[in-house]
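Read-outs: derived from the displayed coordinates by stated rules, not from any lab. Quick caveat, the model's predicted, so the values are computed rather than measured. Reconstructed Cβ throughout: ideal geometry from the backbone, glycine too, with neighbour counts over all protein chains shown.
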């Protein structure tokens, strides 16, 4: 047997024993109720002592089955040797249980003529049907029960034929042929359930194989993206740096046509750089390798810094970027400032892109019930209802046509959501078509003593140019 076949065989053994033990655990009370009903019925009308003995043996077998099922449940590591031992135990215990049932049924059928035979045959039929439906997980147990029940059927009916030797027109022969038909029916049912179970196992194995292939393909894709992104970053950085240096005018003035071409090349190199950064961030998120350095952040200073940092972007899209918050508010959060700035930058960039020329984009925050909401409000075209999956999806843009106004990978908001959720917050939006959209990030407020300040922001106090945020903009929201 090849190693691959051996592994498949071991997996099937584990699966079979687990499925069988699950059936044992699930149907325990049903089986015990059936045994109790048969014992009470036959004990009342026939022999209570033998009925009690029958019930005792069956309950002992039930206890062994339950003990074996618990061993399977405890075998979380998938030890094959334990599975083999339990498999053998189930088969041996099945043989004992089936022999007890058949012995009792044959005794009732032979010693109690007439109604006793009917009771014995019906009980055997019920037991065989139960085995056909519920014992197909382990073929050995099913075969043992059907074989012993079939022999018992024949013993009960053939005995009368042998003793009385009736003519072919006798009712005894009718009973015999009826039993043959019942046995055929039970075998056919058993094969049907066994076939369906095996088909289910085969489908499950096929799905597992496809799952492993998909995981391998995902790993290969991730490795490819990571390698390509890293390889692109180095030459792209050099290209972008060279273009910026040339555009700065240090090498002389250029004609308007040349200057226009340099501007186009600069913008597209920036787009490529943003694409590479997004792909690398996506790769880190998928592999769980994105790290976060949480600090205590003064939200007012942070939002003012975000507005100041993105004034150039606002000028590029010809919109006005203003603040809508109380500059003296003392609200703090625990977050990674660089990652939070990345998220806010994505939201501000989207708001600027989809605003009308000379429109206004407001950035602010408010605190309530122990949570702070940082928001970016635009007065652009708005977002249609039911678009949330597209807004936060990967490689998806609301305007996916070839004539869309703005480019992009469609990764920014997806990455933003992953980042915010990783630091314990949430991101969402409210929008109305033709009126505008408000994106907001919610984070729990951090408890900070009045004397405490984030070293990073304390060192930047003198660097904030509050002139870019007008006094009207820095007003508390009503």
Note down the relative contact order for the chain as a percent, whole number, built from C-alpha pairs under 8 angstrom at least six residues apart.
11 percent
Normalised convex hull volume, segment 3-165, alpha-carbon set, Å³ per residue
104 Å³
For the chain, what is the percent of antiparallel DSSP beta bridges, rounded to the nearest 5?
85 percent
When a/c is below 1.5 the answer is rounded, else prolate if a/b is larger than b/c, else oblate, so apply that to the chain with a ≥ b ≥ c taken from the square roots of the Cα gyration tensor eigenvalues.
prolate
Output the 0 to 90 degree angle, nearest 10, between the alpha-carbon long axis of helix 80-111 and the longest principal axis computed from the alpha carbons of the chain.
40 degrees
First check a/c for segment 190-276, with a ≥ b ≥ c the square roots of the eigenvalues of its C-alpha gyration tensor; if it is under 1.5, answer rounded, and if not, answer prolate when a/b is larger than b/c or oblate otherwise.
prolate
How would you order 413-421, 153-161 from highest to lowest mean count of nearby Cβ atoms within 10 Å?
413-421, 153-161
Given the C-alpha centroids of segment 276-307 and segment 140-204, what is the distance between them in whole angstrom?
71 Å
Rounded, prolate or oblate: pick one for segment 114-252, where a ≥ b ≥ c are the square roots of the eigenvalues of its C-alpha gyration tensor, a/c under 1.5 means rounded, and failing that, prolate if a/b is larger than b/c, else oblate.
prolate
Ranked 67, 107, 162, criterion: other C-beta atoms within 10 Å, fewest first
162, 67, 107
Output the 0 to 90 degree angle, nearest 10, between the alpha-carbon long axis of helix 139-164 and the longest principal axis computed from the alpha carbons of the chain.
20 degrees
Can you give me the angle between helix 412-422 and the longest principal axis of the chain, using Cα atoms only, in degrees from 0 to 90, rounded to the nearest 10?
70 degrees
